[in-house]
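Asker: Structure incoming, see below.
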Amino acid sequence: MTIKALIAVAVTLVFLGGLFWATQYTPLGYFTRLRNLQDYAPSELEAVAHMAAMLHDLDPDIFIAQMRQESRFNQYARSKAGAIGVAQIMPGTAKGWKVDPTDPLQALDAAAKNMADYVQTYKAQGNDEYTAYKLALAAYNAGPGAVAKYKGVPPFPETQQYILTILDKK
């Protein structure tokens with residue numbers, strides 16, 4: 001982790017105040033402590049998203065813009081297509097990721113982990129960072145199979161607009 005990343009994590013922890021107690025210096029302990037709460041304000045979920053992005057070495061600005069686009073940090077969001085929760089995870093995807101999409105802390109952590117995996121996969125294929133993020137966003141929105149099938153961002157207007165909106169808000 002870079003110094004900038006460590007400072008951002010420290011600022012996030014200070015922002016969250018007493019939620020990160022001395023006996024819980026691991027990410028797992030941090031998320032377990034938060035899980036005892038039931039309802040979260042969007043600003044609290046945004047702080048958790050920032051922390052999850054930092055823990056998984058993602059650009060926090062892009063990840064926060066993505067989650068804002070997904071649900072506006074509404075932990076009870078439901079899409080017409082059936083996506084659930086703050087990270088708008090489809091039930092089948094949630095099962096594959098072994099995550100409860102109705103738990104915003106699990107969902108944000110899983111979304112950040114999987115986005116980081118997508119970014120690393122597309123970087124390993126020789127793409128620059130910006131292209132890797134575009135492809136990762138496309139994989140999150142349309143599925144990695146669609147990205148593989150079209151050998152890039154799928155020609156779906158919704159997915160193309162999704163990417164533009166998120167990267168523009170960064």
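The values are calculated or read from the model by the stated rules, or taken from the named source; none is laboratory data. Here the structure is a predicted model, which is why all the values come from computation and not from measurement. Neighbour counts run over all protein chains shown; Cβ positions are idealised from the backbone, glycine included. The accessibility values were calculated without ligands, DNA or RNA, using every heavy atom of the protein model including side chains. Shrake-Rupley method; radii C 1.70, N 1.55, O 1.52, S 1.80 Å.
Residue-wise test of (1) open to solvent by less than 30 Å² (accessible area, probe 1.4 Å); (2) in contact with a Leu (Cβ under 9 Å, 6 or more places away or on another chain); (3) at pLDDT below 95; (4) of a type outside the set (Phe, Trp, Tyr).
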residue	(1), (2), (3), (4)
Ala41	no, no, yes, yes
Ala49	yes, yes, no, yes
His56	no, no, no, yes
Pro60	yes, no, no, yes
Ile64	yes, no, no, yes
Arg68	no, no, no, yes
Phe73	yes, yes, no, no
Gln88	yes, no, no, yes
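Asker: Does Leu16 meet the test of being within 15 Å of the chain's Cα centre (by Cα) and at pLDDT below 95?
Answerer: Details: within 15 Å of the chain's Cα centre (by Cα): no; at pLDDT below 95: yes.
No.
Asker: Quick check: is even one residue across segment 88-107 out of contact with any Gly (no Cβ under 8 Å at 6 or more places or on another chain), closer than 17 Å to Lys169 by Cβ and either part of a helix (DSSP H, G or I) or of a type in the set (Gly, Ala, Ser) (or both)?
Answerer: Step one: of segment 88-107, the residues out of contact with any Gly (no Cβ under 8 Å at 6 or more places or on another chain) are 88-89, 92-100, 105-106.
The next check asks that each one be closer than 17 Å to Lys169 by Cβ; those that pass are 88.
Then keep just the ones that are either part of a helix (DSSP H, G or I) or of a type in the set (Gly, Ala, Ser) (or both); that gives none.
No, every residue in segment 88-107 fails to be out of contact with any Gly (no Cβ under 8 Å at 6 or more places or on another chain), closer than 17 Å to Lys169 by Cβ and either part of a helix (DSSP H, G or I) or of a type in the set (Gly, Ala, Ser) (or both).
Asker: Here is a further query. When the residues of segment 111-170 are filtered to those that are loosely packed, with under 15 Cβ neighbours inside 10 Å and among the hydrophobic types (A, V, I, L, M, F, W, C), which remaining residue is nearest to Ala83 (Cα to Cα)?
Answerer: The selected residue is Phe156.
Asker: In addition: Tally time: how many residues in segment 117-170 are of a type in the set (Gly, Ala, Ser) and out of contact with any helix residue (DSSP H, G or I) (no Cβ under 6 Å at 6 or more places or on another chain)? Spell out how you get there, then give the answer.
Answerer: Just the residues of segment 117-170 that are of a type in the set (Gly, Ala, Ser), to begin with: 124, 126, 132, 136, 138-139, 142-143, 145-146, 148, 152.
From what is left, the residues that are out of contact with any helix residue (DSSP H, G or I) (no Cβ under 6 Å at 6 or more places or on another chain) are 124, 126, 143, 145-146, 148, 152.
Going through segment 117-170 one residue at a time, the tally reaches 7.
Asker: Residues of segment 75-86 being open to solvent by 60 Å² or more (accessible area, probe 1.4 Å) and not in a loop (DSSP other than H, G, I, E, B), which ones?
Answerer: Arg78, the sole residue that qualifies.
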